[in-house]
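The numbers here are math on the coordinates, done by the rules we state, and not lab data. On a predicted model such as this, the values are computed, not experimentally measured, just so you know. In this analysis, Cβ positions are derived from the backbone assuming ideal geometry, glycine residues included, and neighbour counts consider all displayed protein chains.
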Amino acid sequence: MIEADDPETLAAIEGLRLPDRYDIIVGPPGWPQTKPRALNIGLHYARGDLVVVYDAEDVPDPGQLRAAAARFRARPSSVACLQARLLIDHLETNWLSLGIMAQMPQAF
């Protein structure tokens with residue numbers, strides 16, 4: 001999702017000539033301009049039985065999506081969300097990574 005007040009990013013994305021399987025969604029003006037808001041707007045357009053969210057810096061395991069689909073099939077229909085284990089690189093050099101890990105009770 002692109003914010004309505006970000007014409008530079010929209011122009012750059014439109015210049016990529018993405019395949020038809022991609023939708024460019026311009027979110028209506030509003031606050032806060034955050035990832036959760038973008039996810040809420042984007043979820044309205046989601047298709048299929050399963051939805052996955054990655055951050056730009058994520059490097060998922062090649063079998064992660066198949067493993068998640070299998071786990072959903074093995075769970076009751078009341079299970080609506082799965083969280084994969086979070087692996088953070090560069091803990092010794094990146095203060096942001098340390099902060100993220102500090103929020104996780106099982107991290108240390």
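Which log10 I(q)/I(0) values, to two decimals, does region 8-83 give at q = 0.24 Å⁻¹ under the Debye formula with one point per Cα? Summing over Cα pairs of region 8-83 leads to -1.34. Taken over region 1-45, the percentage of Cα pairs per 5 Å bin, counting from 0 up to the bin with the maximum distance, is 5, 21, 31, 23, 16, 4, 0. Here is the list for region 41-80: chymotrypsin sites (Phe, Trp or Tyr not before Pro) lying in DSSP coil, each with at most 15 other C-beta atoms within 10 angstrom of its C-beta, are 45, 54.
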